[in-house]
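Remarks on the structure that follows.
The values are calculated or read from the model by the stated rules, or taken from the named source; none is laboratory data. This structure is a prediction, so every number in the text was calculated from the model and none was measured. Here the Cβ positions follow ideal geometry from the backbone for every residue, glycine too, while neighbour counts run over all protein chains shown.
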């Protein structure tokens with residue numbers, strides 16, 4: 001790391017780090033595409049995304065002073081024009097508004113996602129996508145992205161009622177996968193699925209009452225797996241319009257957690273499509 005790159009912050013009210021102030025109460029999601037990334041794993045994903053010259057950029061880092069030395073290699077992956085601020089524990093906690101035991105924050109920005117049709121036409125001929133409908137829980141959104149990345153999905157599509165995946169907790173649960181996977185969050189659920197159908201995707205809606213067990217599906221070249229919110233699940237209009245699949249489980253259980261179900265379904269489909277080693 002270049003000498004003199006570190007900038008000391010001693011005043012929690014310093015305007016240079018204002019975006020990190022009280023981050024629980026004023027999360028940056030939805031503000032010109034800015035977001036707060038937390039933890040070393042997400043910071044590493046942000047560095048890779050920035051270096052890839054894609055839609056994600058790093059704007060500034062804020063680190064616990066006694067963690068800087070151990071992060072010097074990672075800090076060095078960011079260009080010199082990305083400022084690196086450091087503060088001691090008391091100041092950092094006062095900035096964040098709670099005890100920040102990880103001691104690693106970054107401010108990033110993401111360009112506006114592409115239009116849904118543009119994203120779909122850019123996908124490869126053989127594609128696997130994960131679709132979320134009405135998922136408002138940040139942990140579940142993060143889990144969807146983590147599973148999508150782990151099981152080779154090419155994109156994640158969210159309807160407009162899903163929460164923003166750039167929310168700090170969703171980013172953290174996804175271990176930064178939100179920064180690596182193409183995604184859109186727009187339109188109603190049936191509009192999203194209609195666009196997929198128009199682009200040649202085989203659509204499978206996941207439900208405990210699904211007609212086909214997920215492991216019995218012989219998929220085509222373009223497949224979309226659709227997940228609904230926990231409790232209510234997918235609307236009947238979607239389950240009647242598209243093919244439905246279920247995950248076999250012990251009798252008497254209602255349904256699996258969205259994160260668990262998406263992982264099982266993606267694994268099964270990716271394996272059937274010959275995507276896993």
(request) At least 3 residues that are farther than 30 Å from residue 152 by Cβ, modelled with pLDDT under 95 and more than 19 Å from the chain's Cα centre (by Cα) in each: list the helices (runs of 4 or more DSSP H) lying fully within segment 68-133 that qualify. (result) 89-96
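Yes or no, residue by residue, for (1) surrounded by 22 or more Cβ atoms within 10 Å (Cβ to Cβ); (2) over 27 Å from residue 56 (Cβ atoms); (3) in the same structural domain as residue 256 (by TED's automatic domain parsing):
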{"site": "152", "(1), (2), (3)": "no, no, yes"}
{"site": "156", "(1), (2), (3)": "yes, no, yes"}
{"site": "167", "(1), (2), (3)": "no, no, yes"}
{"site": "171", "(1), (2), (3)": "yes, no, yes"}
{"site": "203", "(1), (2), (3)": "no, yes, yes"}
{"site": "216", "(1), (2), (3)": "no, yes, yes"}
{"site": "221", "(1), (2), (3)": "no, yes, yes"}
{"site": "228", "(1), (2), (3)": "yes, yes, yes"}
{"site": "240", "(1), (2), (3)": "no, yes, yes"}
(message) Can you go through 180, 209 and tell me which one is in contact (Cβ under 8 Å) with a residue 12 or more places away in the chain and within 21 Å of the chain's Cα centre (by Cα)?
(response) 180
(message) Condition check: exposed (fewer than 13 other Cβ atoms within 10 Å of the Cβ) and either in a loop (DSSP other than H, G, I, E, B) or at pLDDT below 95 (or both). Does residue 27 satisfy that?
(response) no
(message) Condition check: under 16 Å from residue 261 (Cβ atoms), surrounded by fewer than 19 Cβ atoms within 10 Å (Cβ to Cβ) and either in the same structural domain as residue 137 (by TED's automatic domain parsing) or in contact with a helix residue (DSSP H, G or I) (Cβ under 9 Å, 6 or more places away or on another chain) (or both). Does residue 208 satisfy that?
(response) yes
(request) Look at segment 77-100 and say how many of its residues are in contact (Cβ under 8 Å) with a residue 24 or more places away in the chain and under 16 Å from residue 8 (Cβ atoms). (result) 11
(request) Considering only segment 49-72, state which residues are surrounded by 15 or more Cβ atoms within 10 Å (Cβ to Cβ) and in contact (Cβ under 8 Å) with a residue 60 or more places away in the chain. (result) 49, 56, 68
